[in-house]
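Structure record follows, encoded as structure tokens.
The values are calculated or read from the model by the stated rules, or taken from the named source; none is laboratory data. Only a predicted model underlies this, so the values are computations on that prediction, with no experimental measurement involved. Counting neighbours? That spans all protein chains shown, and the Cβs are built from the backbone with ideal geometry, glycine included. SASA here: full protein model, heavy atoms, side chains in, ligands and nucleic acids out. Shrake-Rupley method; radii C 1.70, N 1.55, O 1.52, S 1.80 Å.
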Amino acid sequence: MQTQHAWNVTYAALAAPRPRDTTALRRRLLLLFGRLRWYPYWESTPSVPAARPALRQAVRAQRAGRAA
């Protein structure tokens, strides 16, 4: 969940108007994508296409709960 959260934060920073240091943000996004994509959990999950969005939503919900 930490890696997915870091990916979300990096993606949002890159999507912001006039982001600073876009090269570093893009590299970080690629690094995090690789970590998420090749994490061993995905080999044991029966429905990977459905599980990935569920992970993103769970991270967002958890972070929103902490912010409230």
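Values for this structure:
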read-out: In the range 32-53, the residues that are part of a loop (DSSP other than H, G, I, E, B) and of a type in the set (F, W, Y); value: W38, Y39
read-out: Residues satisfying the stated conditions in the range 13-26, i.e. surrounded by fewer than 11 Cβ atoms within 10 Å (Cβ to Cβ) and in a helix (DSSP H, G or I); value: A15, T23
read-out: Conditions (1) outside any loop (DSSP other than H, G, I, E, B); (2) under 21 Å from A61 (Cβ atoms): number failed by L29; value: (2)
read-out: From Q4, Q62, residue being open to solvent by 60 Å² or more (accessible area, probe 1.4 Å) and either of a type outside the set (A, V, I, L, M, F, W, C) or touching an Asp or Glu at 6+ places or on another chain (Cβ under 6 Å) (or both); value: Q62
